[in-house]
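Comments concern the structure below.
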Amino acid sequence: MAERLLEVTDLSTHFFTHAGVVKAVNGVSFTLDRQETLGIVGESGSGKTVAALSVMRLIPDPPGKIVEGSLMLRGRDLRALSDDEMRQVRGNDIAMIFQDPMTSLNPVFKIGDQIAEAIMLHQDKGKDEAWRLAAELLERVGIPDAKNRVKQYPFEFSGGMRQRAMIAMAISCNPDILIADEPTTALDVTIQAQIIDVMREMQTQYHSGVILITHDLGVVAEIADKVMVMYGGRTVEYGPVDEIYYNPHHPYTWGLLGSLPRLDLAEKHRLEPIKGQPPDLLLLPPGCPFVGRCAFELPPCRERWPEHEEVGPGHGVHCWIPNDQRLETRAGLPRFKEWVA
Ligand SMILES: Nc1ncnc2c1ncn2[C@@H]1O[C@H](COP(=O)(O)OP(=O)(O)OP(=O)(O)O)[C@@H](O)[C@H]1O
Ligand SMILES: [Mg+2]
């Protein structure tokens with residue numbers, strides 16, 4: 001059995017704002033083993049980034065707080081660590097490629113300074129050596145003329161190159177866990193390919209575990225071992241990638257897959273938005289957040305959140321539709337399309 005790197009159990013992260021409590025993540029659980037890739041999918045605002053930032057303990061407090069749950073990194077309780085210890089973890093054990101590269105590159109320092117600093121902070125290297133490594137890393141992530149580029153400032157880099165610089169910084173310490181919060185903007189198709197190449201390399205070379213956050217189900221089909229489908233701050237379905245694609249149990253997952261051109265090919269394709277509005281996280285019903293958009297609502301859906309139900313090995317779902325009716329319901333959908341009211 002591969003080593004368990006990360007175990008997140010019943011994580012809830014809320015933001016206490018003037019308007020009310022934003023329940024961004026509610027009771028989310030997942031695990032990551034060595035050399036495994038977990039894809040986290042779900043529409044905008046479903047809590048993917050907040051879940052990842054919680055693992056990194058980078059939730060801005062105030063207004064945010066991890067209100068519940070445990071975060072275990074190779075048996076170490078991350079919630080019990082001091083800020084200093086957590087900083088060490090972030091450099092050495094877990095690294096994150098952020099959705100917005102400008103939030104983590106400092107505009108007043110050269111790119112090389114920033115990567116070299118990350119290297120010197122976590123490895124016993126001198127400045128010259130760290131700069132040399134920084135240039136090497138930039139080259140590895142596909143920045144042409146890296147030797148000279150390393151001396152430039154972030155504003156001299158294009159958006160895509162900044163993203164690559166971020167990747168270089170993230171992998172500079174060969175972390176056990178790499179979290180890639182994929183940019184959702186259209187400009188980033190090549191960056192996406194780049195991120196995926198780097199992740200593959202990290203996995204073969206260093207046996208890292210990878211968490212890929214994405215809107216792109218095609219990419220997930222291609223590289224993930226397992227998938228967590230999020231909706232309204234909840235995990236609605238979680239399981240091995242083949243189970244999620246060929247035996248999905250949640251109506252929201254059906255909706256996501258219905259927007260793919262061919263299930264068996266699962267070509268690169270952006271998710272079509274499912275009809276209806278995402279839930280207001282300030283006014284979540286006590287039950288399933290997908291009520292209102294789900295065509296199969298049953299009496300308990302609004303009132304109670306369904307328990308986790310195991311429907312296959314490592315495959316779990318939260319849904320009130322009885323298991324034996326679920327597949328029948330799904331089979332009646334015209335290729336999963338136009339199924340939602
Ligand atoms: N600092 C904050 N204060 C208040 N609410 C926040 C804060 N950060 C995030 N949220 C809320 O938490 C919810 C989940 O946001 P999150 O960024 O995790 O979504 P996401 O799934 O990553 O979406 P996207 O695909 O657009 O990146 C959103 O409703 C967001 O407004
Ligand atoms: Mg996000």
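Would you mind pulling out the separation of the Cα centroids of segment 52-125 and segment 1-38, in Å? So the separation of the two Cα centres works out to 16 Å.
The antiparallel fraction among DSSP beta bridges confined to the chain stands at about 65%. Normalised by the number of residues in segment 129-193, the mean separation of alpha-carbon contacts (under 8 Å, six or more apart) gives a relative contact order of 31 percent.
Suppose R0 equals 35 Å. What FRET efficiency, 1/(1 + (r/R0)^6) with r the Cβ-Cβ distance, do Q152 and H207 give to the nearest 0.05? FRET efficiency, Q152 to H207: 0.60. Only Lys, Arg, Asp and Glu carry charge here, each on its Cβ (+1 for the first two, -1 for the last two); on that basis segment 104-174 has a dipole of about 140 debye about its Cα centre. Of all lysines in the structure, those lying under 18 Å Cα to Cα from K110, and not within fewer than 8 positions of it along the same chain, are K127, K147, K151. The alpha-carbon of K23 sits under 15 angstrom from the alpha-carbons of these aspartates and glutamates, leaving out residues fewer than 8 places away in its chain: D10, D61, E68, D280. Shape of the chain from its Cα gyration tensor (a ≥ b ≥ c, root eigenvalues): rounded if a/c is under 1.5, otherwise prolate when a/b > b/c, or oblate? Prolate is the answer for the chain, as a/c is 1.5 or above and a/b outweighs b/c. Based on C-alpha pairs under 8 angstrom that are at least 6 apart in sequence, segment 21-101 has a relative contact order of 21 percent. When only the Cβ of Lys, Arg, Asp and Glu is charged (+1, +1, -1, -1), the dipole of segment 33-77 relative to its Cα centre reaches about 160 debye.
Think of the chain as having a plus end and a minus end, set by charges on the Cβ of Lys, Arg, Asp and Glu; of T17, G232, A95, T17 sits farthest toward the positive end of this dipole. Approximating the spin labels as points 7 Å out from Cα along Cα→Cβ, the K275-to-R79 distance works out to 4.1 nm. Remark on T37: its backbone amide H falls under 5 Å from those of V210, D225, K226, a criterion applied only to residues 5 or more positions apart or on other chains, H modelled at 1.01 Å from N. About its Cα centre, the dipole of the chain is roughly 620 debye, where the only charges are +1 on Lys and Arg Cβ and -1 on Asp and Glu Cβ. A dipole drawn for the chain from +1 and -1 charges on Cβ atoms has a positive end, and of C319, S70, F157 the residue lying farthest that way is F157.
Read the figures in this text as sums done on the coordinates, not as results from a lab. Quick caveat: nothing in here was measured; it's all calculated off a predicted structure. Here Cβ is always computed from backbone atoms with ideal geometry, including for glycine, and neighbour counts include all displayed protein chains.
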